[in-house]
């Protein structure tokens, strides 16, 4: 891969269905726009409670935080499950907006540091929503689709940022390394470290050290050969320690 091609994508994917009226269709009328803003206000109120560490979201508390009546909450949402689902999808949309560009060139130290700083910050921020998602009995297709898009984008970003190292490996080993990088830079690993007692700085350092350790295997890797042989393993290269062939007569 050419260096000029190694640019990590600058924007995260659209993580959820666009809201009506945001994509070039006919403009909303006043009532529709007010209804949309009210729904967002109520969903943001639930997210605010979630960020404060709440694990239960009674309608009265959400209504109070949103500054609306309890009746209005149920005017816009069939039940609290639908509101919770909408709030989680909104948080995933907000997550996508927080994913900025990362360097795909330069020293490994610089690239690892930039990636880990961004991942640690975002994973800590998304933790309350992820814990709430784990309690959803039947997450909707919208939430599942948004989650899958975010995870897929995060994996593609790793492939872009560490293309220099990954390109040194043959196909199967390349996939193994990418799988490992993906595992230690996503929420599951972050939550394991944090719930094991590490503070944010210690968890970030652990992620950084683990990424460096995984990438170090590429420093010893021979360049992949189109014929499937490692460099130096051609037919004219005898095995190490083998006696030299007799001279031709």
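The values are calculated or read from the model by the stated rules, or taken from the named source; none is laboratory data. Predicted, not measured: the structure shown is a model, and the values here were computed from it. Cβ placement follows ideal geometry from the backbone for every residue including glycine, while neighbour counts extend to all protein chains displayed.
Among the residues of region 18-40, are any at pLDDT 90 or above, closer than 19 Å to residue 132 by Cβ, surrounded by 11 or more Cβ atoms within 10 Å (Cβ to Cβ) and out of contact with any strand residue (DSSP E or B) (no Cβ under 9 Å at 6 or more places or on another chain)?
Filtering region 18-40 for residues at pLDDT 90 or above gives 33-40.
Restricting the remaining residues to those that are closer than 19 Å to residue 132 by Cβ gives 39-40.
Next, only the ones that are surrounded by 11 or more Cβ atoms within 10 Å (Cβ to Cβ) stay: 39-40.
Pick out the ones that are also out of contact with any strand residue (DSSP E or B) (no Cβ under 9 Å at 6 or more places or on another chain) and you get 39-40.
The answer is yes, given that some residue of region 18-40 is at pLDDT 90 or above, closer than 19 Å to residue 132 by Cβ, surrounded by 11 or more Cβ atoms within 10 Å (Cβ to Cβ) and out of contact with any strand residue (DSSP E or B) (no Cβ under 9 Å at 6 or more places or on another chain).
Here are some residues: 117, 124, 160, 144. Which one is free of Cβ contacts under 8 Å to residues at least 12 places away in the same chain and under 21 Å from residue 98 (Cβ atoms)?
After applying the criteria, what remains is 144.
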Requested in this report: Go through the residues of region 50-60 one by one and say whether even a single one is within 27 Å of residue 208 (Cβ to Cβ) and modelled with pLDDT under 90.
Outcome: yes
Report task. Kindly check whether there is at least one residue in region 64-83 that is within 23 Å of residue 150 (Cβ to Cβ) and in contact with a helix residue (DSSP H, G or I) (Cβ under 8 Å, 6 or more places away or on another chain). Result -> yes
Query raised in the report: Pick from region 148-175 the residues that are within 18 Å of the chain's Cα centre (by Cα) and farther than 16 Å from residue 115 by Cβ: which of them is surrounded by the most Cβ atoms within 10 Å (Cβ to Cβ)?
Result: 149
Query raised in the report: So residue 88 clears everything in (1) in contact (Cβ under 8 Å) with a residue 40 or more places away in the chain; (2) within 22 Å of the chain's Cα centre (by Cα); (3) loosely packed, with under 15 Cβ neighbours inside 10 Å except one condition, right? Which one?
Result: (3)
Requested in this report: Mind listing whichever residues of region 70-109 are in a helix (DSSP H, G or I) and farther than 30 Å from residue 157 by Cα?
Outcome: 70, 71, 72, 73, 74, 75, 76, 80, 81, 82, 83
